[in-house]
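Data first, discussion second: the structure below is written as structure tokens.
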Amino acid sequence: MRPPRNKLLSVVYRLMFAGVFIFLLLWLGYGIYIYELRSQRPIVSAKEFEPVLSESKNQNFELIANDKTIKLKNKEVGEMLEEYIRFWTGKKDVRVSTDKVEDYLISIAPNINREPVNARFTFLNNRAEIFLAHSPGRRLNIDKSAAAIVDGLIENKNPISLIVDEIEPEITLEKINSLGIDTLLATGTSDFAGSSAGRLLNIKIASAKYNGLILKPGEEFSFNNVLGEVEATGGYAAEKVIKSGKLVYEYGGGICQVSTTLFRAAIAAGFPILERRPHAFPVQYYNPQGFDATIYPGVTDLRFKNDTGGYVIMQSAISGTKISFEIYGGKNNRIVQVSMPVLYDQASDGSMKAYFTRAISYADGTKKEERFNSIYRSPLLYPLEKNPLE
């Protein structure tokens with residue numbers, strides 16, 4: 001006699017439910033196991049490696065990063081280990097924390113990292129010739145170096161080699177002559193006759209920072225970013241400056257001669273001027289008045305943009321008492337017309353106003369006209385303080 005159909009279905013459903021329940025339990029257990037392995041960064045179980053890690057904790061390690069050797073002290077090793085409770089057994093264990101290792105690597109990275117240096121060039125006979133070779137940069141690979149340290153601590157391997165990636169510069173000798181730089185776009189000049197020996201030295205040091213500098217298409221140029229710190233360690237001479245009624249020495253007198261000359265070249269090239277400020281009062285070195293650009297790091301900058309659509313090279317030169325900047329690039333068929341500065345509202349105390357105009361005709365037929373204004377106060381208003389970079 002066969003059992004009732006409903007009873008058979010009931011048994012089948014119970015068996016199916018039990019099977020699904022068992023499957024879910026197994027899947028849950030497996031998921032918890034995987035979670036234990038992966039939820040923390042990293043989960044490196046030290047259960048079987050505890051004796052080795054204990055030994056690692058009591059010694060110093062050497063970390064090798066290319067030509068640099070860094071001491072990883074045993075105290076720092078100890079800070080990279082952490083206790084935790086294992087999920088299944090409920091027992092205490094020890095593991096290496098990648099988070100802590102990575103924090104340590106981030107702290108030492110500035111001592112290892114180095115920015116790439118682009119090659120610098122002079123421009124002769126329609127070709128660029130190198131005068132400063134390029135230099136690759138380097139950057140500590142945090143993820144791979146962290147893994148190397150974790151393995152080194154577990155295996156008690158000393159020294160430990162860190163992973164450092166090489167960064168190629170954008171401009172190398174191999175690339176430069178393929179950039180289409182074959183035309184003198186603009187020139188700017190100024191005369192520093194009457195400058196002291198220290199001022200002349202500062203002009204030479206500062207102008208060399210911009211000699212051979214390459215701007216990419218669309219790149220914005222900042223005079224202060226290239227200039228960097230103006231200190232005795234950079235070779236700059238100190239010049240006398242009146243401050244608070246006293247004569248004091250400030251480094252970098254004459255650097256504004258460089259910014260003024262480069263401003264004149266940028267104007268002649270038709271570059272958009274993003275930031276420019278005239279001096280507070282007329283300065284003889286920057287004649288004709290109205291055509292100058294003062295700079296002071298943290299206060300005012302000279303900024304412009306390379307809008308030629310191609311690469312450009314700046315080249316500086318000093319001859320006698322004159323400094324010049326030449327800007328080379330590709331032919332862009334723009335026509336730039338710059339008027340001589342017009343001086344007006346000149347007063348007996350030396351104050352005055354000035355302006356010049358610039359008209360640009362672009363290859364696509366569009367035109368742009370601009371007026372650059374300068375207001376100079378009387379030098380008599382500044383007997384106690386002046387820009388030391390003048």
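Just so it is clear, none of the values below were taken in a lab; they were calculated from the coordinates. Owing to the predicted nature of the structure, the values given are computational and were not obtained by experimental measurement. Using ideal geometry, Cβ is built from the backbone for each residue, glycine included, and neighbour counts are taken over all protein chains shown.
Quick notes
- Pairs beyond 32 Å (Cα-Cα), from K204/K368; K68/K92; K73/K144; K322/K353; K57/K144: K204/K368; K68/K92
- Protection proxy ranking of 215-222, 258-265 - average other beta-carbon atoms within 10 Å, highest first: 258-265, 215-222
- Overall, segment 180-381 carries a charge dipole of about 180 debye about its Cα centre when +1 sits on the Cβ of Lys and Arg and -1 on the Cβ of Asp and Glu, all other atoms neutral.
- Remark on Y236: its backbone amide H falls under 5 Å from those of E231, a criterion applied only to residues 5 or more positions apart or on other chains, H modelled at 1.01 Å from N.
- Going by neighbour counts of Cβ atoms within 10 Å, the residues V117, V336 line up, fewest first, as V117, V336.
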